[in-house]
Amino acid sequence: MVWIGAHVSIGKGLAHAVKTAVALQANTLQFFSRNPRGGKARALNMAEIMEAHLLMKKHNFGALVAHAPYVINLASPREQVRDFSLRIIKEDLARIKAMEVPYLVLHVGTHGGQGVARGLTLVIEALKEILTVIPDETQILLEGMAGEGTELGDTFEQLAEILERCGDHPGLGICLDACHMTGHGYDLSALDGIKETIRRTVGWQKVKVLHLNDSMYPLGSKRDRHAKLGEGYLGLETIRKLVCDREFGKLLFILETPNDQRGYAREIALVKELGRR
């Protein structure tokens, strides 16, 4: 089975988000854990959360994915930004646990000119603190990035270093992004080489989610601009290989393409068809 969904709004609650996904013929989804600018989180309604999970069971859903706000930056040179980021992550981990959502995707951060070594050290120090209070059966998924500006986490080696220096804690995993990998310079058309790199660095057991996006910019551009499936530099044949691959095909596929709901429905149908070829 292909696990395929899209990023949808949770502004009207988790049950409404699941209903939206069902209408798209999806069997998973991703949502922001709160306003992406880091504002106040929506109050949880346990009856509504129970309704969402009954709907998920009825429609044979896989696990759901939450995404942390973009303003979080554990590598910031500003202490107040790091403290704010720590507080929000801890709060949102508790929230997704209450929602029975196992994954919180997190951008590693930007070092802001301090340098990669200093940036990684700040991230690791913060993650170690967070991991002392992370709920059971909940994982932070560090998202691999394209390498724009001073982004961290754009190489598998950096992601592996974070995992190792955090003691390979079970509360940490990895989220990949097809556009980001392309932007960094990982050639997904040569899939066997990428799979071997993943195996020897972060390890496949840590990889849980793939943001399935095409790329508006070519291989190695260091640009993070998502394109609709088949309308970028990846192309449908490479996307088909990802969907049909033995290891990649086990992941939760989440679309973050520039689409409305009708566009997501078309792409979800397309991914399912590619998975049958």
With labels modelled as points extended 7 Å from the Cα through the Cβ direction, what inter-label distance (nm, one decimal) is found for M50 paired with E157? 5.3 nm
Taking amide hydrogens as modeled 1.01 Å from N in the peptide plane, which residues meet the under 5 Å criterion relative to I4, leaving out close sequence neighbours? N27, T28, F253
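For segment 140-277, take N as its residue count and report Rg(C-alpha) divided by 2.2 N^0.38 Å.
Working: Rg = 14.4 Å, N = 138, 2.2 N^0.38 = 14.3 Å.
The value comes to 1.01.
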Using 0.36 nm times the number of residues separating R276 and A41, minus their current alpha carbon distance, what extension gain do you get? 80.6 nm
Using a simple spin-label model with points 7 Å from Cα along the Cα→Cβ vector, what separation in nm is obtained for K128 and L191? 3.9 nm
Along each of its three principal axes, how wide is the spread of alpha-carbon positions in the chain, in whole angstrom units, largest first? 47, 45, 29
To make sure I understand, if each residue's beta carbon is the centre and we count other beta carbons within 10 Å, what order do D136, D224, D245 fall in, fewest to most? D136, D245, D224
Residues with amide H under 5 Å of G147's amide H, sequence separation 5 or more or different chain, H placed in the peptide plane at 1.01 Å from N; which? none
Charges only on Cβ, +1 for Lys and Arg, -1 for Asp and Glu: so what's the dipole of the chain about the Cα centre, in debye to the nearest 20? 700 debye
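Computed from the coordinates by the stated procedures, all read-outs in this text should not be read as laboratory data. All figures in this text were calculated on a predicted structure; none of them were measured in a lab. Cβ sites come from the backbone with ideal geometry, for glycine too, and all protein chains shown count toward neighbours.
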